[in-house]
Amino acid sequence: MGATESVAESVDVAVEKVGGIDETAVSFDPGVTVLTGRNATNRTSLLQALMAGLGSEDVSIKGDADEAHVELSIGGETYTQTLTRQNGDVYATGDPYLADPELADLFVFLLESNEARRAVELGADLREIIMRPVDTAAIEAEIDERQDERDTVERQLEELDTLKRELPSLEQRRQELETEIEDKEAQLAETKAAIEDTDREVSATRDQKAELEDALETFRDTRSDLEDVRYSLETERESISALETETEDRETELAELPETPMAEVGEIDDRIETLRSRREELDATVNDLQKVIQFNEEMLDGTSSDVVAALRDDPDDVTDQLVDDRVVCWTCGSDVDSESVEATVDRLRSLRTEKLQRRRDLQSEIDDLKTEKATYEDQRRQRSRIEERLERATDELERRRDRVEELVAERDRLEEAITDLEDEVERLQDETQSELLDLHREANEIEFELGQLGSDLEEVTAEIERIESQVDARESLQERREAIREEIADLRTRIDRTETEAVEQFNDHMESVLSILDYENLERIWIERRQETVSQGRRTVEQSVFDLHVVRSTDDGTTYEDSIDHLSESEREVTGLVFALAGYLTHDIHETCPFLLLDSIEAIDSDRIARLVDYVADYADYVVVALLPEDAQALDDDYRRITEI
């Protein structure tokens, strides 16, 4: 996996007040650029300036200034970032190349303090570093959303199955209603014929007859209105009952859901930030201890005899002193018992081990707090959804109760009006007209029943059509359910794929790098990805663990697994760089950031530095490496050198 095709354009950087730089402007061509010079020649400061232009805020402001500014021009676009110091803190403003520099801070800006580089040396959680840019909490939340959608679709499919089973009974009900309507229409026709016959026999005057007919018509209309109101009232009461049940369910859900105060989430954020600061302090302490231990080991092993010679009064006596039981104290120059020095180094090793364990504990506590925060945030989202549904149900319940009151008042008014109309009709009719009134009442009731039957028929027909249209949508719902299932499976395997790819990237590149660097008796360095049960807050879950293995060989070809602590400083530096490169490639950073920055690699000898730079040059458009002059000499002469900043 190589870098994207080179943009073949120069990058211009203008710097003010960064690190030890007062003001400068530098151009970088595609390929490898070597910043060569002695210590304190602003090589690291220039790398920090590049970091600032690309988006990092982990940049030092010049000691005599309160503000630093960087301008980066690339591909015809200009990007800026200004860093301001206020009350001991540094604030960044502007429009840098990267909107979010987190990935670059971890896997692109490989300076001495880079966390990915130091991961091996500090015994850090390699998986946590590789997976830090992956928002696992967001993925879990997305999985929850997809599962909710899947459950909704499955409920819809179950409802369709239920509705489909209802179709035969609905068809039968429609036929029954059609038959009842035919019978009622025939009965109504007979009643109207009887009314006409009876009406001809009535001897009332024309005016009395007209008045009676008007009263009967008003009576019939009022009776119809009353039945409509009663039907509406029954419907509203059924809706109120359903809404009351829904409201009770939502209130129960809210009562069962834990309360999550915002202040507690804020306290967790503050606690995480505090723990991260303490972890960074421990990283610095462990780094310093390792350097002290490494130096003392080299002095005890005699691999730094030039230092011993400088401390001895007789430089020619170095060889004899190396095999003696006494060594030169490299702090004061006096002879001391080597066992005393070794005892001191052992105590330093123990202290480093304690610090590493404390760092692991801090990281575990940070992970627990992140999980707890994600749980609280999920509870808040659930509470918000339930409260919104409860509010809608409560508003609808209030509206329907108001409607019931209106309908009850209207029903009472119509019943009173019907009573008055019956009295009026009875007053107008005589004995002959009493039969006519009964017939009109019967016709009115039949017409009302016909109206009800017609409404029922319309409802049944509409329900049949609705079910048939929904059943037609079953196939699309099934397709959506399968698509959701695939999305859930993809989300669940996204983390697994990232972990697997990171391990493969590291192991492949580590094998290639060890092959070209040819370390004596170092056969292999590789990461094993395995699962173990860990605690996350109150839960116990399966989680991946990255174990780093070192395989060495003896002179007779026998291989054995060695401790990571026994890696030389050079081997640790190479391992850290390859681990960072694995993260660079796993997260496809070359697609968004064309740079790769290297600094503080003097622990690797110059020939191996040259081969390592040649190797990484294939993975970024711009590789910028800071080296001492003697190390830079081993690099390809075609690489551009910058000697003055």
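Data overview
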{"quantity": "Of all residues in the stretch 453-480 being among the hydroxyl-bearing types (S, T, Y) and over 16 Å from Q175 (Cβ atoms), the one that is farthest from the chain's Cα centre (by Cα)", "calculated": "S455"}
{"quantity": "Qualifying residue in the stretch 217-231 (condition: under 60 Å from the mean Cα position of the chain (by Cα), at pLDDT 85 or above and polar (S, T, N, Q))", "calculated": "no"}
{"quantity": "Any hit, the stretch 95-116, residues being assigned to a helix (DSSP H, G or I) and either without any contact (Cβ under 8 Å) to a residue 24 or more places away in the chain or more than 29 Å from the chain's Cα centre (by Cα) (or both)", "calculated": "no"}
{"quantity": "Selection within the stretch 601-627 - surrounded by fewer than 17 Cβ atoms within 10 Å (Cβ to Cβ) and under 18 Å from T44 (Cβ atoms)", "calculated": "A603"}
{"quantity": "R237, sole failed condition from (1) modelled with pLDDT of 85 or more; (2) in contact with a Lys or Arg (Cβ under 8 Å, 6 or more places away or on another chain)", "calculated": "(2)"}
{"quantity": "Residues satisfying the stated conditions in the stretch 363-390, i.e. in contact with a Lys or Arg (Cβ under 9 Å, 6 or more places away or on another chain) and either over 19 Å from E267 (Cβ atoms) or of a type in the set (K, R) (or both)", "calculated": "Q363, I386, E387, R389, L390"}
{"quantity": "So E405, is it more than 30 Å from E185 (Cα to Cα) and either charged (D, E, K, R) or exposed (fewer than 14 other Cβ atoms within 10 Å of the Cβ) (or both)", "calculated": "yes"}
{"quantity": "Of residues in the stretch 60-94 being surrounded by fewer than 16 Cβ atoms within 10 Å (Cβ to Cβ) and in a loop (DSSP other than H, G, I, E, B), the one farthest from the chain's Cα centre (by Cα)", "calculated": "D64"}
{"quantity": "Any chance V90 is within 30 Å of L54 (Cα to Cα) and of a type in the set (A, V, I, L, M)", "calculated": "yes"}
{"quantity": "Options T24, T41: the member that is at negative phi, at pLDDT 90 or above and either within 36 Å of the chain's Cα centre (by Cα) or surrounded by fewer than 21 Cβ atoms within 10 Å (Cβ to Cβ) (or both)", "calculated": "T24"}
{"quantity": "Subset tally (residues that are under 31 Å from the mean Cα position of the chain (by Cα), modelled with pLDDT of 80 or more and of a type outside the set (D, E, K, R)) for the stretch 540-570", "calculated": "4"}
{"quantity": "Meets criteria (among the hydroxyl-bearing types (S, T, Y) and under 53 Å from the mean Cα position of the chain (by Cα)) for T136", "calculated": "yes"}
{"quantity": "Selection count where residues are closer than 19 Å to L369 by Cβ and either part of a helix (DSSP H, G or I) or among the hydroxyl-bearing types (S, T, Y) (or both), scope the stretch 236-291", "calculated": "23"}
{"quantity": "Selected residue (only one of A137, A99 is of a type in the set (A, V, I, L, M, F, W, C), out of contact with any helix residue (DSSP H, G or I) (no Cβ under 8 Å at 6 or more places or on another chain) and within 30 Å of R494 (Cβ to Cβ))", "calculated": "A99"}
{"quantity": "Lone unmet requirement of (1) in a loop (DSSP other than H, G, I, E, B); (2) more than 22 Å from Y619 (Cβ to Cβ) for E9", "calculated": "(2)"}
{"quantity": "Selection status of R118, surrounded by 13 or more Cβ atoms within 10 Å (Cβ to Cβ), modelled with pLDDT of 85 or more, out of contact with any Leu (no Cβ under 6 Å at 6 or more places or on another chain) and farther than 30 Å from L597 by Cβ", "calculated": "no"}
{"quantity": "Selection status of D161, at pLDDT below 85, in a helix (DSSP H, G or I), farther than 30 Å from G454 by Cα and of a type in the set (D, E, K, R)", "calculated": "no"}
{"quantity": "Criterion: more than 30 Å from D249 (Cβ to Cβ), at pLDDT 85 or above and of a type in the set (S, T, Y) - qualifying residue of S364, S340", "calculated": "S364"}
{"quantity": "Considering residues of the stretch 136-146 that are of a type in the set (A, V, I, L, M, F, W, C) and surrounded by 12 or more Cβ atoms within 10 Å (Cβ to Cβ) only, the residue farthest from G451 (Cα to Cα)", "calculated": "A137"}
{"quantity": "Residue ID - surrounded by the most Cβ atoms within 10 Å (Cβ to Cβ), chosen from residues in the stretch 147-189 that are among the β-branched types (V, I, T) and over 48 Å from the mean Cα position of the chain (by Cα)", "calculated": "I181"}
{"quantity": "Residue match in the stretch 431-446 (condition: under 30 Å from T245 (Cβ atoms), hydrophobic (A, V, I, L, M, F, W, C), assigned to a helix (DSSP H, G or I) and modelled with pLDDT of 85 or more)", "calculated": "no"}
{"quantity": "Evaluation of D66 against (1) touching a residue at least 40 places away in the same chain (Cβ under 8 Å); (2) of a type outside the set (S, T, Y); (3) under 18 Å from G19 (Cβ atoms) (one fails), failing number", "calculated": "(1)"}
{"quantity": "Residue under evaluation I527, criteria (1) in a helix (DSSP H, G or I); (2) farther than 30 Å from Q147 by Cα; (3) in contact with a Leu (Cβ under 7 Å, 6 or more places away or on another chain), criterion not met", "calculated": "(1)"}
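The values are calculated or read from the model by the stated rules, or taken from the named source; none is laboratory data. Please read all numbers here as calculations on a predicted model, not as lab measurements. For neighbour counting, all protein chains shown are included, and Cβ atoms are generated from backbone atoms with ideal geometry for every residue, glycine included.
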